[in-house]
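Let me begin by presenting the structure, written as structure tokens, before commenting on it.
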Amino acid sequence: MNFEKYYVLDTNILLEDATNIYKLSQEGKNLIILPETVLDEIDTKKSGFEEINFQAREFARILENSIILESKKKDLYKIIRLKIDNDKNTIIDIISKEEYEVNIKNVSPNIINDRKILEVASFANTYYKNEVEFLSLDIMARTRAISLDIKTDALVGKDKDKFDYEFMKEVEIKFNDLEFLDNQEISKFDKEYKPFNFSYCFKVQSSDQVVLANIQNKRIRVLDEDEIRDQIVTPLNKEQLFFSDAILHHFYNVLIVEAKAGSGKTLLALSGALKLVRQKHFQKIIYIRNSIESLDKGEDVGYLPGLEEKFKIYNHPLMDSLDYIIRTEHKRKRNKKTPDQAVIELEDSEVTSRIEQMIANYGIETMWVGEMRGRTLSNAFIIIDEAQNMSNKTMQMVLSRIDNSCKVVILGSNKQIDNFYVNKYTNALTTLLKSTKNENNLVNSFAIKLQKVLRGPITEWAEEIFSK
């Protein structure tokens, strides 16, 4: 059989999305090569409720619908050719070896499997008449492949996939335009308006005056800054004002935020959520965070809901934000009562007590991604944090649980990816950001990038020197 391309797949390609095998096969035009170690790793992932576990089981179902075409040996390797029994015409070669060259005594356990996979890839590079290409989301595995003269790629990672949309724009207007600016069509002031231009800074000619506005149904809606600032956490710059306005305004039901560390994204989302629950627009706040810890091959670690220590350990951003809100609210109230006196800080025990009371009063829940299948979330303000560590399949599953009585804010930073099964091109955050390129009549979306670090000079300094 003649194939156009020959792909050796790493495990993470299939655990990111089991149907990648069909996409790469292109209805039998390309040959898929799977080292037996990939099958072993997938087999160990079949138990559990994380998205990679579902993908492992889905791949097992794909293999169940296969027939053996032939089996042969070449030197120390055995090659079994399978055809997936469906209309995709996908052909797979599974290559195994009785004994590998990797010396277990001298190699760390966490990279033994990578070495076995690459050993098969090296063999495949000489066995097939065409050069093979090793596909992996793991940069370390790809680097090792290059050192072995194996062509490699990250599945998706071309320059054409680079995302850099202009969510916020500056436009100059005349002084006479100010009076009638609100509710005007944006095309009158910006002929190059695009669907992803959600926010505008209108600069008045020959003046220092700037008017901030968000776009709704292609019309300008000037921000009411006093109303936006009337919450526990006060927005401190124009990006935060745009974001907070979108949170508080009922037009938008899906917000996507790409933000630097320390930019206040979680604080502002939670502050806005508290205000909306207090105004009875929603009954509860649900915080969802995809918790990933760096274990062997990116093993996913879930977390349990509740107020016990595990709740705090795996939800530090939420708990830190609640701590900050409690202390800020205390200072504000004391300053109003006794403005001339220094505010006495709350004891940690009192803060903990008030946090627990706030969680009860506002119906704050945490939710583990693995427990969401089959559920329907209603009448809730939903915060999805660490979206850069979610695969597209995970985000699809989470969002499909949410009905039309909810508002969802999706937060993340592509500079903080620590999930081996995704990268900055394939994760859910990037997919959602890129979705804003075109108009969508199903939801009213809003997106913004928070670039200004407000946590403090150390955070800003670290962002600057390590992002070059």
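The values are calculated or read from the model by the stated rules, or taken from the named source; none is laboratory data. Worth saying up front: this structure is predicted, and the values here are computed from it rather than measured. Every residue, glycine among them, receives a Cβ derived from its backbone with ideal geometry; neighbour counts consider all protein chains shown. Accessible surface is based on the protein model in full, side chains and every heavy atom, while ligands, DNA and RNA are left aside. Shrake-Rupley method; radii C 1.70, N 1.55, O 1.52, S 1.80 Å.
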Query raised in the report: Being under 27 Å from the mean Cα position of the chain (by Cα), among the hydroxyl-bearing types (Ser, Thr, Tyr) and modelled with pLDDT of 85 or more, is that true of even one residue in the range 119-134?
Result: no
Report summary line: Log entry, pairs with first residue in the range 240-255 being over 19 Å from Leu433 (Cα atoms), second being crowded, with 23+ Cβ neighbours inside 10 Å and among the small types (Gly, Ala, Ser), beta carbons closer than 8 Å, six or more apart or on different chains, reads Leu248/Gly272
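Has the range 264-281 got any residue that is under 26 Å from Met390 (Cα atoms), open to solvent by 10 Å² or more (accessible area, probe 1.4 Å) and part of a loop (DSSP other than H, G, I, E, B)? Let's see the steps before the verdict.
As a first pass, look at the range 264-281 and keep what is under 26 Å from Met390 (Cα atoms): 264-274.
This time we only want the ones that are open to solvent by 10 Å² or more (accessible area, probe 1.4 Å), so: 264-267.
Filter once more, keeping what is part of a loop (DSSP other than H, G, I, E, B): 264.
The answer is yes, given that some residue of the range 264-281 is under 26 Å from Met390 (Cα atoms), open to solvent by 10 Å² or more (accessible area, probe 1.4 Å) and part of a loop (DSSP other than H, G, I, E, B).
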**Report entry** Of all residues in the range 451-463 being at pLDDT below 65 and outside any helix (DSSP H, G or I), the one that is surrounded by the fewest Cβ atoms within 10 Å (Cβ to Cβ)
**Finding:** Gly456
Query raised in the report: Restricting the search to the range 38-54, which residues are at pLDDT 90 or above and open to solvent by 10 Å² or more (accessible area, probe 1.4 Å)?
Result: Leu39, Asp40, Glu41, Asp43, Thr44, Lys45, Lys46
Report task. Check off (1) crowded, with 20+ Cβ neighbours inside 10 Å; (2) under 24 Å from Leu118 (Cβ atoms) for Lys23 and give me the number that stays unchecked. Result -> (1)
Query raised in the report: Which is buried (at least 22 other Cβ atoms within 10 Å of the Cβ), at pLDDT 95 or above and charged (D, E, K, R), of Asp190, Asp245?
Result: Asp245
Query - Qualifying positions in the range 248-263 - of a type in the set (A, V, I, L, M), modelled with pLDDT of 95 or more and either touching a Phe, Trp or Tyr at 6+ places or on another chain (Cβ under 9 Å) or surrounded by 24 or more Cβ atoms within 10 Å (Cβ to Cβ) (or both) - result: Val254, Leu255, Ile256, Val257
Query raised in the report: Restricting attention to the range 213-249, and to residues there that are under 27 Å from the mean Cα position of the chain (by Cα) and of a type in the set (Asp, Glu), which single residue is farthest from Lys407 (Cα to Cα)?
Result: Glu239
Requested in this report: Please state which of the following conditions Ser207 fails to meet, knowing it meets all the rest: (1) assigned to a helix (DSSP H, G or I); (2) modelled with pLDDT under 95.
Outcome: (1)
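Could you tell me whether any residue of the range 316-337 is on the phi > 0 side of the Ramachandran plot, surrounded by fewer than 19 Cβ atoms within 10 Å (Cβ to Cβ), in contact (Cβ under 8 Å) with a residue 60 or more places away in the chain and out of contact with any Leu (no Cβ under 9 Å at 6 or more places or on another chain)?
Taking the range 316-337 first, the residues on the phi > 0 side of the Ramachandran plot are none.
No, the range 316-337 contains no residue that is on the phi > 0 side of the Ramachandran plot, surrounded by fewer than 19 Cβ atoms within 10 Å (Cβ to Cβ), in contact (Cβ under 8 Å) with a residue 60 or more places away in the chain and out of contact with any Leu (no Cβ under 9 Å at 6 or more places or on another chain).
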Query raised in the report: If you take the residues in the range 401-450 that are open to solvent by 30 Å² or more (accessible area, probe 1.4 Å) and of a type in the set (Phe, Trp, Tyr), which one is farthest from the chain's Cα centre (by Cα)?
Result: Phe420
Query raised in the report: When the residues of the range 135-160 are filtered to those that are of a type in the set (Asp, Glu) and open to solvent by 50 Å² or more (accessible area, probe 1.4 Å), which remaining residue is modelled with the highest pLDDT?
Result: Asp149
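Working only within the range 196-213, note down all residues that are open to solvent by 40 Å² or more (accessible area, probe 1.4 Å) and at negative phi.
Just the residues of the range 196-213 that are open to solvent by 40 Å² or more (accessible area, probe 1.4 Å), to begin with: 203, 205-210.
Correct list: Lys203, Gln205, Ser207, Asp208, Gln209, Val210.
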**Report entry** Whichever residue in the range 214-242 is part of a loop (DSSP other than H, G, I, E, B) and among the charged types (D, E, K, R) and, among such residues, is surrounded by the most Cβ atoms within 10 Å (Cβ to Cβ)
**Finding:** Asp224
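When only residues in the range 1-25 that are part of a loop (DSSP other than H, G, I, E, B) and either touching an Asp or Glu at 6+ places or on another chain (Cβ under 9 Å) or touching a residue at least 12 places away in the same chain (Cβ under 8 Å) (or both) count, which is farthest from Lys88 (Cα to Cα)?
To start, the set of residues in the range 1-25 that are part of a loop (DSSP other than H, G, I, E, B) comprises 1-5, 10, 17-19.
Narrowing the set further to residues that are either touching an Asp or Glu at 6+ places or on another chain (Cβ under 9 Å) or touching a residue at least 12 places away in the same chain (Cβ under 8 Å) (or both) leaves 1, 3-5, 10, 17-19.
Details: Met1: 16, Phe3: 15, Glu4: 16, Lys5: 16, Asp10: 21, Asp17: 16, Ala18: 14, Thr19: 11 Å.
Out of the qualifying residues, it is Asp10.
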Query raised in the report: Looking only at residues in the range 40-52 that are in contact with a Phe, Trp or Tyr (Cβ under 9 Å, 6 or more places away or on another chain) and assigned to a helix (DSSP H, G or I), which one is farthest from Asp93 (Cα to Cα)?
Result: Glu51
Query raised in the report: Consider Arg373 against the criteria (1) open to solvent by 60 Å² or more (accessible area, probe 1.4 Å); (2) touching a residue at least 12 places away in the same chain (Cβ under 8 Å); (3) of a type outside the set (Phe, Trp, Tyr); (4) under 24 Å from Leu276 (Cα atoms): it satisfies all of them except one. Which criterion is unmet?
Result: (4)
Report task. Please indicate, with yes or no, whether at least one residue in the range 89-102 is within 30 Å of Thr394 (Cα to Cα), of a type in the set (Phe, Trp, Tyr) and in contact with a helix residue (DSSP H, G or I) (Cβ under 7 Å, 6 or more places away or on another chain). Result -> no
